[in-house]
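A.B. asks: Take a look at this one; I'll ask things after.
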Amino acid sequence: MTDNLVTLTLIVLCLCLEGLYSGGEIAYISSDIHRIRSKAQKGSRSAVRALKLLESPEWFLATTLTGTNLSIVTSTTLATALLITMLGTSRGEMTSLLIMVPTLLLMIVSRSLFQQHAETMAIRLAHFIWYSSFLLFPAVYLIAKLSRGTLKISTGETGRPYTYVTKKGLKYLLEKQGVNTDILRVEKDMVTNIIDFSDVTVGRIMVPLSKMISLPVTATLREAEKLAADKNYLRIPVYRDQIFNIIGILHYFDLSEILRTQGANTSNAEENETIECCVKPVVFYVPETKIAKDLLIELHVRGERMAVVVDEYGGAVGIVTMEDILEEIVGEIDDEYDSGEKMHKRIGPGKYLFNAKISIEKINQVIPLELPERDYETLGGFLLYHMGKIPKRKEALRYENTLFVIEDADAKSIKEVLIELSGDADRDVGS
């Protein structure tokens, strides 16, 4: 009985070591070296040791692999002997399951947990991995040498320190370590936009139908000319029957050419001629879920400047132009779909007036807030989500330590919002 208890204790110890080595491996692989370097510079001895391990990846990998395999072999051997003693040799299938299931489950759980807290666990395990490498030195040294030799033979390289930069790492460098550099805020924003660009969908950057000026196909040439002149639009979407059934684009230059050729001899019949004769059919429809960078390439290849965005049912939900896509990288570019409205301005210490159409992403950039992005994209959507109704003028919402006051609204939407920051959160708003 005592022997079985000792064996069981050793099995549990080996399983714990397996979890630490296996989880430690994924923690170091998933860690951001720049975050760990930042903590090391602040004086953390564990972070310094973790940094040394990260700069010698073949060393920590050899250590964790050796430790994991040694723990698994030892625990499996002990568990097999214990179960044979308890169950006999006739129940091999049950013995195999009782050994394999805990081993695999522990490995999966430890890797999953350690990956979610990679930097924290890498620092906490630094001393353990470091001393383990010396305890297992012969095997670790041999594996490290073999890996370097194999790398040199196959690629001609001798192995380099941890030099690659992840998206998360680059963002961290820009936000934290770039504070005391000569990099301008607009440059940081542009680099951040480029990093995020590969994940931006067309639905996020399109101009929705509710914000567009469009014409029915039954509109006359003169009506179209007046609208284009009043709104200063070069391209106007044209729909048939219902606005979500966009069939083409009316180009102002085509319209002007037709009206010019008609000249002063325009008859009453020609005055009432519809725009259908000069509408260019839409040849490019894209789904909301399409990645913006892919659309940018396709627009360039096709020689198009815009596309109609459709939902899963085939109905149009908006328009996306090449300018809309480029704005995701370089910031605002004025085109005919931009209203020219001032989206925000500072009106006093800690007080800012915002257009409710401003995006949550933009508002988080211009003032020190961290408003969450959920099923809405704009400040107006944020307020509708939290207030649960279309508010009236002077109604207010307090979110955390920030006060939102409705300055202008109508029966259908919020127009302007006054934001009052608390404490020392105030700072100048960029233009």
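Read-outs: derived from the displayed coordinates by stated rules, not from any lab. What you see is a predicted model, and the numbers here were worked out from it, not measured in a lab. FYI the Cβ positions are ideal-geometry reconstructions off the backbone, even for glycines, and counts take in every protein chain you see.
A.B. asks: Total Lys pairs in region 344-420 closer than 19 Å by alpha-carbon, pairs eight or more apart in sequence or interchain only?
C.D. replies: Lysine pairs meeting both conditions in region 344-420 amount to 19.
A.B. asks: With the crude spin-label approximation of a point 7 Å out along Cα→Cβ, what separation in nm comes out for K389 versus V73?
C.D. replies: 7.2
A.B. asks: Counting other C-beta atoms within 10 Å, which of E25, E373 has the fewest, and how do the rest follow? Present the calculation step by step, with values, prior to reporting the outcome.
C.D. replies: Working: E25 22, E373 13.
Ranking E25, E373 by Cβ neighbours within 10 Å, fewest first, gives E373, E25.
A.B. asks: Bin width 5 Å, alpha-carbon pairs only: give the P(r) of region 202-330 as whole percents, running from 0 to the bin holding the largest distance.
C.D. replies: 2, 10, 21, 21, 18, 12, 8, 4, 2, 1
A.B. asks: Ok, one more. Any chance you could list P(r) for region 1-101, counting all Cα-Cα pairs in 10 angstrom bins from zero, rounded to whole %?
C.D. replies: 15, 33, 23, 16, 11, 2
A.B. asks: Here is a follow-up. Just for the Cα atoms in region 66-124, what are the lengths along the principal axes, largest first, rounded to whole Å?
C.D. replies: 47, 18, 14
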